[in-house]
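The values are calculated or read from the model by the stated rules, or taken from the named source; none is laboratory data. What you see is a predicted model, and the numbers here were worked out from it, not measured in a lab. As a convention, Cβ positions derive from the backbone with ideal geometry for all residues, glycine included, and neighbour counts pool all protein chains shown. To get the accessible areas, we keep the full protein, side chains included, count just its heavy atoms, and leave off ligands, DNA and RNA. Shrake-Rupley method; radii C 1.70, N 1.55, O 1.52, S 1.80 Å.
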Amino acid sequence: MSRAILLPAAGASSRMRGRDKLLEQVDGVSLLRRSALRAKATGAAVAVTLPVGSPRRDALDGLDLTLLELDATEGMAASLRAGAAWALQTGAQALMIALPDMPDITTQDMQALFDRQTKTPDTPLRAATDDGQPGHPVILPRKVLAKLSGLQGDAGARAILKDHPPQLHPLPGQRALTDLDTPEAWAAWRAEN
């Protein structure tokens, strides 16, 4: 089955007070590049949305993936619309939306989600914590992707998941919720890792 992964990286990183969360270094590489490498290692096609002219592009130099530059001032919907159009064009049967600011999501986590999704290919799948709290990544089946074209604003795919309730797939610990949006979140995460 043809699979695709979207890394929506067009946000402004506004809560970082002047720093770019996706260019922060983890083990000597930017978080964005690290997330892209993990996604690529699944064997799926990978696309990354970026703001037009962003220095984030340099962090992805040399990687075999699709860059989708866009104006994302309206929020997450712009990335989701572009990613869905790309996935439909590639013929993907499923699109994983993997937020690139979640440092604990591994290639193995993504692969486990894809493996689980093949058992119910027409139902969305959402990662969860080991105690059942819904998180990310999320996999949307092809039959739902066209609905992303109508999204507006910064609510992500919530409305689609409300209409098409996802199955939950637990990942170890809190990794399905751990994202690094602020300097304080980065400091806390680095202190533990």
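Table for the structure above
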| quantity | calculated |
| --- | --- |
| Over 25 Å (Cα to Cα) - which of Lys119/Lys162; Lys21/Lys162; Lys40/Lys162 fall in this group | Lys21/Lys162; Lys40/Lys162 |
| Contour excess over end-to-end distance, with Cα ends at Thr90 and Arg17 and 0.36 nm allotted per residue | 22.6 nm |
| Computed Kirkwood radius, in angstrom, where 1/r is averaged over Cα pairs of region 1-60 | 12.2 Å |
| For region 39-135, the Rg and Dmax computed from alpha carbons only, in angstrom | 14.2, 41 |
| Relative contact order, percent, the chain [alpha-carbon distance under 8 Å, six or more residues apart] | 25 percent |
| Accessible area in square angstrom per residue, region 1-98, 1.4 angstrom probe | 42 Å² |
| Two-decimal Rg to Rh for region 56-95 - Kirkwood Rh, Cα set | 1.01 |
| Residue-averaged 222 nm ellipticity for the chain, from DSSP H runs of 4+ at -39500 (n - 2.57), nearest 500 | -8500 deg cm²/dmol |
| Residue-span extension gain [Gln108 to Ala185] - 0.36 nm each, minus C-alpha spacing | 25.3 nm |
| Carbon/sulfur fraction of accessible area - the chain, other protein chains in place, 1.4 Å, % | 50 percent |
| Region 138-193: mean projected area of Cα convex hull, nm² | 5.5 nm² |
| Gained length - Leu177 relative to Asp130, 0.36 nm times residue gap less alpha-carbon distance | 15.9 nm |
| For Ala128, distant residues with modelled amide H under 5 Å away | Gly135, His169, Leu171 |
| Alpha-carbon radius of gyration plus Dmax, which is the widest Cα pair, for region 103-168 in Å | 12.2, 33 |
| Distribution of pairwise C-alpha distances over the chain, 5 Å bins, in % | 1, 8, 17, 22, 23, 17, 9, 3, 0 |
| Residue-count net charge about Pro165 - beta-carbon cut-off 12 Å; Lys, Arg +1, Asp, Glu -1 | +2 |
